[in-house]
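Down below is the structure, laid out as structure tokens.
Nothing in this text is a laboratory measurement; each read-out follows from the coordinates by a stated rule. The model shown is predicted, which means the values in this text are computed figures rather than measured ones. Because the Cβ atoms are built from the backbone with ideal geometry, glycine has one as well, and the counts that use them run over all protein chains shown.
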Amino acid sequence: MAQLSDDCFAFGGKLMSVEEAQALIEARIPPAGGRESVALRQATGRVLAEDLRARTPLPPFFNSAVDGYAFRHADLAAEGPTRLPIAARLQAGQAAAGLSPGTAIRIFTGAPMPDGADTVMMQEDAREEDGAVLLVPGLKRGANCRPAGEDVAAGQVALPAGTRLGPAAIGLAAALGFRDVPVRPLVRVGVFSTGDELADPGMPLGPAQTYDSNRFTLLALLAGLPVEAHDLGILPDEPAATAAALARAAAGHDLLLTSGGVSTGEADHVKAAIGQGGRLVFWRLAIKPGRPAAMGVVEGVPVVGLPGNPVAAVVTFLHLARPLVLRLAGAAPDSLPRFTARADFAYRKKAGRREYVRVRLAFGAGLPVARKYAREGAGLLTSLTESDAFAELPEDVTAVAPGDELRILPFRAVF
Ligand code: AMP
Ligand code: MG
């Protein structure tokens, strides 16, 4: 992938809004290049490298949309029943027959329309009697049939470059006959944790130690994105070792993520390390939880230093790392889906920053109801496992009252 200039993330402002951060990513990260062909079965979640153009129309031929009787609309009487002898029977997979005027053909869903037929009456609306069918009046010409190319015309772009191939897109590509699809290479993302206090799960816990969770959360978040993620372990709170590790990792990666060590404490060495090995831009995001984030470029590779507190790491991952990954992956930008719910709590917040409040949702009649998780600490992992969503309180809001409408970012859409 393209090497970035050291100052590509430079930003003059003091507190950066989430929108500014995302606009900067869009503006500064060149769209991904590269292309490889993968089998459709292996393509789920990958990003299309080229427009996928239909080589054949979909459906490929004019066919019946129902089980019923195909006939010429001109033969249908305007009033009263029409009686047409049944000349043939046509099932899905059988080659089209011709239709003589004044006759009908018994037809089944997906079977090709006989030449000359233009309309199908559903079997529920017709009655068979002595080798003929009795049709009722009032059906429109073309009813219950599907023209060739109704879904996708031949030559049309069915899926644009940049599409992330989900189940629907995979199904469409298959329906258009693609066995392989051109996709962007996976983004190689290396994930470090930082902190002398961290221990690997499974290891004995020393007196002042806590288990590393962020690395596992981040790798799990990345699992839903078009990346090849690498677990790069835990870095000590030591600038030289951190700088060396980042420089070494830059060689084999398109993006490096760290967590911890980016606030203003004395042991916050990630900032220093990025500065030592490349160029640091410290972003203070107008977001809670998650204000500090170190952005930088080491050896031409972007590095995002996420905050250490687990909830802050998740929130900043979603707003910084995720868009960055999608940009590097060549994916069309997306915005995370929100819906509206009603607050059943009161809450006060500072103006000028966006806040993510953990809530549990109750669904019933009317809008879903959002109940705030009782505790607010950015280090509480159970605040995520015991909640369903973030309520996203915009920058200008200073208070929430019971009954207020809230924008909800459901975990289901992102985790
Ligand atoms: P820091 O920003 O490094 O000062 O970290 C803030 C808080 O998050 C501290 O309590 C750290 O112990 C904690 N923390 C940092 N990294 C991790 C991690 N990988 N897993 C769990 N907790 C962490
Ligand atoms: Mg730390």
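Structure data summary
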| quantity | calculated |
| --- | --- |
| Lys/Arg +1, Asp/Glu -1 at C-beta; segment 198-270 dipole; positive extreme among V262, T210, A223 | A223 |
| Projected label distance in nm at V414 and R284, using a 7 Å step from Cα toward the beta-carbon | 2.3 nm |
| Per-residue [θ]222 nm for the chain (sum of -39500 (n - 2.57) over DSSP H runs n ≥ 4, rounded to 500) | -4500 deg cm²/dmol |
| At q = 0.06, 0.11 Å⁻¹, base-10 log of I(q)/I(0) for the chain (Debye sum, equal scatterers on each alpha carbon) | -0.40, -0.87 |
| Cα-centre dipole for segment 1-108 with unit charges at Cβ (Lys and Arg positive, Asp and Glu negative), debye to 20 | 720 debye |
| Charge tally in the Cβ shell below 14 Å around V181, where Lys, Arg are +1 and Asp, Glu are -1, V181 excluded | +4 |
| Cα gyration tensor shape of segment 339-413, rounded if a/c is under 1.5, else prolate or oblate by comparing a/b with b/c | oblate |
| Alpha carbon convex hull of segment 167-235, volume per residue in cubic angstrom | 96 Å³ |
| Under 15 Å, Cβ to Cβ, from F71 - net charge with Lys/Arg +1 and Asp/Glu -1 | +1 |
| D196-K14 FRET efficiency (beta carbon distance; Förster radius 45 Å; 0.05 resolution) | 0.90 |
| Separation of alpha-carbon centers, segment 18-65 and segment 328-379, rounded to whole Å | 30 Å |
| Segment 63-146: radius of gyration over Cα atoms, expressed as a fraction of 2.2 N^0.38 Å | 0.93 |
| Within segment 33-70, trypsin sites (Lys or Arg not before Pro) in DSSP loop having at most 15 other beta-carbon neighbours inside 10 Å | R35, R55 |
| Relative packing of peptides 91-97, 291-297, 154-160 - highest average C-beta neighbours within 10 Å first | 291-297, 154-160, 91-97 |
| Candidates R279, R83, R179: whichever shows maximal mean-square fluctuation once the chain is modelled as a Gaussian network with Cα springs under 10 Å | R83 |
| Qualifying GluC sites (Glu not before Pro) in segment 18-122, DSSP loop, other Cβ atoms within 10 Å at most 12 | E79 |
